[in-house]
1. Quick check, is Ser87 under 20 Å from Leu67 (Cα atoms), modelled with pLDDT under 95 and touching a Phe, Trp or Tyr at 6+ places or on another chain (Cβ under 7 Å)?
2. Restricting to the stretch 77-105, give me the number of residues that are open to solvent by 50 Å² or more (accessible area, probe 1.4 Å) and closer than 16 Å to Leu217 by Cα.
3. Pairs only if they're at least six apart or on different chains, beta carbon under 7 angstrom, first in the stretch 77-91 and polar (S, T, N, Q), second outside any helix (DSSP H, G or I) and surrounded by fewer than 17 Cβ atoms within 10 Å (Cβ to Cβ); list them, first residue then second.
4. Name the pairs: first residue in the stretch 121-147 and open to solvent by 50 Å² or more (accessible area, probe 1.4 Å), second residue outside any helix (DSSP H, G or I), Cβ to Cβ under 9 Å, at least 6 apart or on different chains?
5. Mind checking which residues of the stretch 64-76 are in contact (Cβ under 8 Å) with a residue 12 or more places away in the chain and surrounded by fewer than 14 Cβ atoms within 10 Å (Cβ to Cβ)?
6. Between Met30, Met49, which is assigned to a helix (DSSP H, G or I), in contact (Cβ under 8 Å) with a residue 12 or more places away in the chain and of a type in the set (A, V, I, L, M, F, W, C)?
Amino acid sequence: METATDPGTDTAATAVSAFVSFVEMGGPAMWAIALLSVLTVTLILWKIMRLVSFGAWSGGRHTARALALWKTGQTAEALSLLEKRRSLRAILAHAAMRAALNPGLDRDAAEAETGRVARGLLLKARAGLRGLELASTIGPLLGLLGTVTGMIAAFQALQEAGSRADPAALAGGIWEALLTTAAGMAVAIPAQVALTWFEAVVDSLRHDMEDSATQILHGASSETPMQQAAE
């Protein structure tokens, strides 16, 4: 008795087989590029989820409400509103408020404490960006490496064939070698786009955090704690 096969399973197996065949055309460099592509996509997805958890696109509504309460002298209410918030804007604003209310800290010490917290938050926000920068840099280099090694192999085969060399075989070897260059660029371009996007998001967060810290600390110095943290 024949067992029915799942069409979805057959489709997945065919897709995997086609992918493996495609990667094998480019040789070892293509496998490295394939691994790099998986790591890059994983890093991009992780970074998006990370920024969501940091409230990068939340708009900072709770922080804005807390700042409004702070300006009217309702410090306890402002602190309570930010107490359990986990967005970077709220954490920094809460830290700045606590530093400003701490009787053991003068204005300079309060700004230093706020800057210390800001540096840690910005470090968290920028986590993973170096990995994307590396992917956008080495992707094309791996592709070029694969192309060069493929061209070497193709011309070596041409030399061994001598007068019986088949131009079609040489063209096929060159075509396969060039696949790695295209694959490397296909990894590098999304990585660079994602890197630029994430850097813009982090810069926007830094600006919002700097603005809230300045409002809380009344612009006590010409260089705000967030500017110090950015350095």
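The values are calculated or read from the model by the stated rules, or taken from the named source; none is laboratory data. All of these numbers come straight from a predicted model, not from anything done at the bench. When we count neighbours, we look across all protein chains shown, and the Cβ atoms used for this are built from the backbone with ideal geometry, even at glycine. Only protein heavy atoms, including side chains, enter the accessible area calculation; ligands, DNA and RNA are left aside. Shrake-Rupley method; radii C 1.70, N 1.55, O 1.52, S 1.80 Å.
1. Details: under 20 Å from Leu67 (Cα atoms): yes; modelled with pLDDT under 95: yes; touching a Phe, Trp or Tyr at 6+ places or on another chain (Cβ under 7 Å): yes.
The answer is yes for Ser87.
2. To start, the set of residues in the stretch 77-105 that are open to solvent by 50 Å² or more (accessible area, probe 1.4 Å) comprises 77, 80, 83-86, 91, 98, 101-105.
Applying the additional criterion that residues be closer than 16 Å to Leu217 by Cα yields 91, 98, 101-105.
Within the stretch 77-105, residues that are open to solvent by 50 Å² or more (accessible area, probe 1.4 Å) and closer than 16 Å to Leu217 by Cα number 7.
3. Pairs that qualify, where the first residue is polar (S, T, N, Q) and the partner is outside any helix (DSSP H, G or I) and surrounded by fewer than 17 Cβ atoms within 10 Å (Cβ to Cβ), are Ser87/Ser58.
4. Between residues of the stretch 121-147 that are open to solvent by 50 Å² or more (accessible area, probe 1.4 Å) and residues that are outside any helix (DSSP H, G or I), the close pairs are Lys124/Phe54.
5. Step one: filter the stretch 64-76 for residues in contact (Cβ under 8 Å) with a residue 12 or more places away in the chain, giving 65-67, 69-71, 75.
Scanning the stretch 64-76 gives a single hit, Lys71.
6. That would be Met30, the only listed residue that is assigned to a helix (DSSP H, G or I), in contact (Cβ under 8 Å) with a residue 12 or more places away in the chain and of a type in the set (A, V, I, L, M, F, W, C).
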